[in-house]
Every structure is written in structure tokens, then in C-alpha cells.
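Engineer: I have a structure I would like to understand better, so I am pasting it below and will then ask my questions one at a time.
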Amino acid sequence: MITVVAEIGQNHNGTLSLALDMCIAARDAGADVAKFQKRTPALAVPKAQQGVPKDTPWGRMTYLEYREHLEFGVPEYDEIDLYCKWLGIPWTVSVWDEPSFELMHLNFPHLPFYKIPSACLTDDSLLEMVASAEVPVVLSTGMSTLDEVRHAVDILGSHGLVLCHCNSTYPCPKEDLNLKVITSLAELFPDSTIGYSGHEVGLATTVAAVALGAQYVERHITLDRSMWGTDQAASVEPQGFSRLVDDIRAVEAALGDGVKRVTDGELEAMKKLRRK
């Protein structure tokens with residue numbers, strides 16, 4: 001069964017109640033997993049960007065202060081964990097640095113998998129730490145060359161890995177999606193499950209990714225695309241996310257097993273239409 005992940009990320013803008021509402025929206029839309037992002041801002045934000053001033057709904061602050069405002073710690077994730085258990089939807093995180101992975105793996109060892117975002121594909125130390133923990137891993141491949149992807153897969157191990165085609169433009173123009181990379185990755189990494197992490201506007205191209213073989217699909221979810229936040233424009237509102245899940249399930253059912261056969265429904269048509 002294709003895994004559909006609702007990427008809440010940091011669309012909650014640092015507000016726990018909003019994050020919990022997004023978990024409800026993810027569950028009600030039919031997502032299999034709700035996902036967040038965990039960073040240590042002082043490590044994850046490039047030093048050249050840390051002091052850049054930024055106007056936000058919470059006042060003027062440095063970019064580092066802004067990223068820190070968005071972060072949840074263990075108390076907030078404890079609340080999310082309890083709430084998602086009550087809702088009946090698993091949750092997980094993308095980890096952006098080694099302390100973030102250590103923190104989440106220590107406190108929430110039951111998470112179904114960990115995501116390594118495209119921005120961290122070349123962070124060998126993080127990849128090695130995650131690989132040594134022997135946990136299920138999803139790796140996004142945006143902003144990366146094929147050689148960089150191969151190197152990351154060598155560290156993580158291809159068996160059991162979910163490898164996601166991705167373009168890290170937010171939102172991504174449709175002409176840059178290059179969905180046929182999904183079939184290329186399937187040929188190059190036959191021991192891995194191939195997925196798709198989409199940042200485009202609209203749903204049809206994500207459904208097309210499933211038709212091309214994606215077995216894991218991730219899209220950002222938001223309650224309102226007009227809210228503050230860099231990911232909101234590339235996100236899907238609950239009604240659209242529900243439609244996306246329905247369309248993915250329809251295509252999943254329609255793909256079949258690839259074996260040509262006469263179906264039961266065709267037998268009656270055969271009797272009526274075949275002369276020989």
C-alpha cells in the first residue's frame with residue numbers, strides 16, 4: 001500500500017494548538033502519517049544567514065531567532081505524541097542535525113521512520129549516525145546530483161531505504177518536476193522503495209508520480225495557504241489533501257499487477273461482441 005504522508009513541517013508557526021489541529025486535518029484527510037521537522041537552529045541555519053534581520057508577525061528579529069521561534073521541544077512533542085495516539089495517526093519528524101536526531105530517537109523511539117531532508121543529503125555525519133541507529137529511513141533527493149545521491153545511499157544502505165525524488169523549489173514549477181526521475185531511481189536503486197516528495201501547486205502531478213511507481217508520497221499540509229510561512233504556498237489545504245488521498249487510492253487500485261488477462265466483466269462483453 002502506498003504511504004501518504006502529510007508534512008506539517010513548521011506550518012504551525014511555533015503554536016502547539018495549531019499543530020494539533022493540523023494533525024486532525026491530516027487524519028481526517030486520510031493521510032497515513034503526520035510529519036514534523038526538528039532542527040537545532042544554531043547548527044541548521046548557515047552562519048551567514050543567522051544574523052540577517054527578518055520582519056515577522058512576532059516582530060523584527062534575526063533569522064536565527066525566527067527559526068528558534070518555530071521549534072518545538074520535547075514537551076511539545078510529548079503533547080503531539082499523546083494527541084496522535086488518541087487520534088489514531090502515527091507521526092514522525094525530519095531531522096536536520098545530529099542533536100535533533102539524538103533528542104527525538106531518545107525520547108520517541110517508537111516513531112515509524114525518520115526523514116532526512118534534501119538539505120542534509122550531503123551531511124555524512126548525520127547520515128552515519130542515523131544509519132548506525134538501524135531505524136527505517138526516508139531520504140529526499142532535492143538539490144542533489146546523482147553522484148551525491150549514490151554517496152548518501154552508500155552510507156545509509158539501500159535495503160529498506162525509501163528514496164524520494166524531489167525538487168526543492170517552493171513552490172516548484174511543473175516543468176522542473178522531472179517526474180521520470182522516479183523510474184530512473186527505481187532502475188538505479190532496485191533494493192530501495194522509491195517515493196515522491198512534492199512541492200508543486202496542484203495535485204495532478206503528485207497523482208502522476210504514483211502512476212510512475214512512487215510507493216511513498218509526501219505533500220505539505222496547511223489549514224490555510226495564506227498563513228505566514230515559507231512553506232505555505234507549496235502546501236495543500238485539508239479539502240485538497242483529502243482529494244489527493246482519494247485520487248492516489250484510485251490510481252493505486254487501477255494500476256493492478258501488470259498481468260494481461262480477461263476480467264470477469266469482459267466475459268459478458270465478449271459474448272456480445274466477439275463473432276469469432
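Engineer: Quickly run through the range 180-235 and pick out the residues that are under 30 Å from Gly59 (Cβ atoms), at pLDDT 95 or above and of a type in the set (Gly, Ala, Ser).
Structural biologist: Ser235
Engineer: Are there any pairs with C-beta distances below 9 angstrom linking a residue in the range 178-202 that is more than 12 Å from Cys164 (Cβ to Cβ) to a residue that is at pLDDT 95 or above and acidic (Asp, Glu), with the two at least 6 apart or on different chains, and if so which?
Structural biologist: Once the first residue is more than 12 Å from Cys164 (Cβ to Cβ) and sits in the range 178-202, its partners that are at pLDDT 95 or above and acidic (Asp, Glu) give Glu200/Asp176.
Engineer: While we're on this one: In the range 59-78, what count of residues is obtained for those that are over 18 Å from Val93 (Cβ atoms) and surrounded by fewer than 13 Cβ atoms within 10 Å (Cβ to Cβ)?
Structural biologist: 2
Engineer: For the range 210-238, which residues satisfy the criterion of being among the polar types (S, T, N, Q) and in contact (Cβ under 8 Å) with a residue 60 or more places away in the chain?
Structural biologist: Gln215, Thr222, Thr230, Gln232, Ser235, listed by residue number.
Engineer: Farther than 29 Å from Ile248 by Cα and polar (S, T, N, Q) - does that describe any residue in the range 78-94?
Structural biologist: no
Engineer: Can Gln50 be described as over 30 Å from Ile194 (Cβ atoms), touching a helix residue (DSSP H, G or I) at 6+ places or on another chain (Cβ under 8 Å) and surrounded by 14 or more Cβ atoms within 10 Å (Cβ to Cβ)?
Structural biologist: Yes; evaluated as a whole, the condition is true for this residue.
Engineer: Out of all the residues in the range 106-120, is one or more of a type in the set (D, E, K, R) and surrounded by fewer than 14 Cβ atoms within 10 Å (Cβ to Cβ)?
Structural biologist: Checked the range 106-120: no residue is of a type in the set (D, E, K, R) and surrounded by fewer than 14 Cβ atoms within 10 Å (Cβ to Cβ).
Engineer: Go through the residues of the range 144-155 one by one and say whether even a single one is surrounded by 15 or more Cβ atoms within 10 Å (Cβ to Cβ), among the hydrophobic types (A, V, I, L, M, F, W, C), under 15 Å from the mean Cα position of the chain (by Cα) and at negative phi.
Structural biologist: Checked against the condition, which is being surrounded by 15 or more Cβ atoms within 10 Å (Cβ to Cβ), among the hydrophobic types (A, V, I, L, M, F, W, C), under 15 Å from the mean Cα position of the chain (by Cα) and at negative phi, the range 144-155 yields no hits at all.
Engineer: Scan the range 7-50 for residues that are polar (S, T, N, Q) and without any contact (Cβ under 8 Å) to a residue 12 or more places away in the chain and jot them down.
Structural biologist: Thr15, Ser17
Engineer: Could you check the range 173-276 for helices (runs of 4 or more DSSP H) lying wholly inside it with 3 or more residues that are surrounded by 12 or more Cβ atoms within 10 Å (Cβ to Cβ)?
Structural biologist: The helices (runs of 4 or more DSSP H) meeting that bar are 181-188, 204-211, 238-255.
Engineer: Right, here's the next one. For the range 33-49, which residues satisfy the criterion of being outside any helix (DSSP H, G or I) and more than 13 Å from the chain's Cα centre (by Cα)?
Structural biologist: Scanning the range 33-49 gives Lys38, Arg39, Thr40, Val45, Pro46.
Engineer: Could you check how many residues of the range 121-143 are within 17 Å of Phe189 (Cα to Cα), surrounded by fewer than 21 Cβ atoms within 10 Å (Cβ to Cβ) and in contact with a His (Cβ under 9 Å, 6 or more places away or on another chain)?
Structural biologist: Selection size over the range 121-143: 1.
Engineer: Can you tell which of Arg27, Arg60 is touching a Leu at 6+ places or on another chain (Cβ under 6 Å) and more than 24 Å from Cys120 (Cα to Cα)?
Structural biologist: When all the criteria are applied, what remains is Arg27.
The values are calculated or read from the model by the stated rules, or taken from the named source; none is laboratory data. None of these values were measured; they are calculated from a predicted model. We place every Cβ from the backbone using ideal geometry, glycine too, and count neighbours over all the protein chains shown.
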